[in-house]
Amino acid sequence: LRRALASSGSNSKPCSWKRATAWRASVSASVKRCSSRAPVELHRRSTGAREEHRFTEAETLARQAVALFHEHGFEFDPDEANALLNLGGIREALGDLPEAESCFRRANEILAQLPSDDGGDLDRLKVHALRDLGSNLRAQGRYDEAEGLLRRALADAEQAFGAEDPDVASSANNLAVLYKYTGNFDDAETLYRRALRLIEAQAGPVSADAATVWHNLAGLEHARGRFAQGEPYGRRSVEIRTAVLGPDHPAVAADLANLGGLLSAQGKDEEAEATFNRAIEVFQGLFGPEHYEIAVNLNNLAAIAAKRDELEKAEHLFKRAISIKRKVLGPEHPEIATTINNLGVLYLEAQRFGEARSALEQAKEILESRVGETHPVLALVRENLRDLPSPRLSQPPTA
């Protein structure tokens, strides 16, 4: 499509949660904790199931752990906060952003009542909680709220742990993801490069976290329209993550989707289509057909179908992507506007001008309420609207 925006996959982030045993073994003795071992064991089993993508089991165990920590713990129990972060992460992975937000907020409320432990595990958990909530709000398109939390997470990590700490790298990466979405591309690149330098210094060049930043750098170049420059970054993320996690991991599928967006933008549609279909296969097997990542890849397949003049197929895929995104993200999320724009351009190319105008006006309205005036996607939608003929010329003359 002439001005459609084939999304390049979601921006992944370094994992920010840990097992209850690691937390409880090192927490300061001055912090009161739940005396029962039952919720600790439930939480340990939940995080293990989550690591293996057994999300139904993980969620059941997590809910039991949270309930027991709340029942048997103290009013402000860091173990309960840790369990809430785990439950929120599970709900987020399953596409339920509002419930995940509730979990993350409650964890932050608990931790805010506890004193600093001078750079110990409690301070680290506080940074994780801020980062998880900020990233969740970013995923919901609430960028102003997200920025304050993510900037604070980075500042707190630097102050508590020093400028070279792994949590500084994770916090820098997550703030960079936000800046990519808000169109602050130069700031995003600076933070991504900082995160990559720290990760490679600590874990070497082949690690899941390094793959995450290469993925994000590739997505940034896609957003900038520098597709050839982003392709080697995308290939690097796939190569590293496959070596570390194996070919069937959902993070590898996200990397493939990311790479596919860059390939499609360069006209390498056959390879791109294969990566999108493989990503959908992995995501659908884990999460079912109504997941955010499915929508991302349906949008990308629709763009390829449109380039091949398979307009009916493209329209169907764009509409499926929009429907899923509305369910997962809510009706006013900026990402939905991207896919609605793509559908509008499809109608424009098909000379279905009334439908094109309706779609593009809807995309413009969403973006004007959620992003800044200089955002590149908003500028693109406005340009597409200017390409429409005037309303009186949008229909063929009557006899």
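The values are calculated or read from the model by the stated rules, or taken from the named source; none is laboratory data. Keep in mind it's a predicted model, so treat the numbers as computed, not measured. So basically every Cβ, Gly included, is an ideal-geometry build from the backbone, and we count neighbours across all protein chains shown. For the accessible areas, the whole protein counts, side chains as well, though only heavy atoms, and no ligand, DNA or RNA atoms are used. Shrake-Rupley method; radii C 1.70, N 1.55, O 1.52, S 1.80 Å.
Observations, loosely collected:
- When each of ALA160, ALA169 is tested for being under 14 Å from ALA195 (Cα atoms) and touching a helix residue (DSSP H, G or I) at 6+ places or on another chain (Cβ under 9 Å), the lone residue that passes is ALA169.
- Qualifying residue in the range 160-179 (condition: over 26 Å from CYS103 (Cβ atoms) and in contact (Cβ under 8 Å) with a residue 40 or more places away in the chain): no
- GLN202 falls short on exactly one of the conditions (1) farther than 18 Å from ASN299 by Cα; (2) within 21 Å of the chain's Cα centre (by Cα); (3) polar (S, T, N, Q), and that condition is (2).
- So LEU149, is it open to solvent by 10 Å² or more (accessible area, probe 1.4 Å) and either among the aromatic types (Phe, Trp, Tyr) or not in a helix (DSSP H, G or I) (or both): no
- Some residue of the range 274-283 being touching a helix residue (DSSP H, G or I) at 6+ places or on another chain (Cβ under 7 Å), without any contact (Cβ under 8 Å) to a residue 60 or more places away in the chain and small (Gly, Ala, Ser): no
- Screening the candidates LEU87, LEU61 for the property of being among the hydrophobic types (A, V, I, L, M, F, W, C) and without any contact (Cβ under 8 Å) to a residue 24 or more places away in the chain yields one hit, LEU61.
- Top-ranked residue of the range 228-251 - restricted to ones that are hydrophobic (A, V, I, L, M, F, W, C) and open to solvent by 60 Å² or more (accessible area, probe 1.4 Å), ranked as nearest to THR338 (Cα to Cα): ALA228
- Scanning the range 308-316 for any residue that is closer than 27 Å to VAL213 by Cβ and in contact with a Leu (Cβ under 9 Å, 6 or more places away or on another chain) turns up nothing.
- Residues that are assigned to a helix (DSSP H, G or I) and surrounded by fewer than 24 Cβ atoms within 10 Å (Cβ to Cβ) within the range 90-109 comprise ARG91, GLU92, ALA93, LEU97, PRO98, GLU99, GLU101, SER102, ARG105, ARG106, ASN108, GLU109, listed in sequence order.
- Listed conditions (1) acidic (Asp, Glu); (2) farther than 25 Å from ASP186 by Cβ; (3) touching a Cys at 6+ places or on another chain (Cβ under 9 Å) are all met by GLU239, apart from (3).
- Note on the range 210-226: residues that are open to solvent by 60 Å² or more (accessible area, probe 1.4 Å) and either in contact (Cβ under 8 Å) with a residue 12 or more places away in the chain or over 16 Å from LEU259 (Cβ atoms) (or both) total 0.
- The set of residues from the range 54-87 being outside any helix (DSSP H, G or I), surrounded by 16 or more Cβ atoms within 10 Å (Cβ to Cβ) and acidic (Asp, Glu) comprises just one member, ASP77.
- Among the residues listed as LEU298, LEU317, the single one being within 20 Å of the chain's Cα centre (by Cα) and modelled with pLDDT of 95 or more: LEU298
- Output for the range 44-53, where each listed residue is open to solvent by 30 Å² or more (accessible area, probe 1.4 Å), on the phi < 0 side of the Ramachandran plot and touching a residue at least 40 places away in the same chain (Cβ under 8 Å): ARG50
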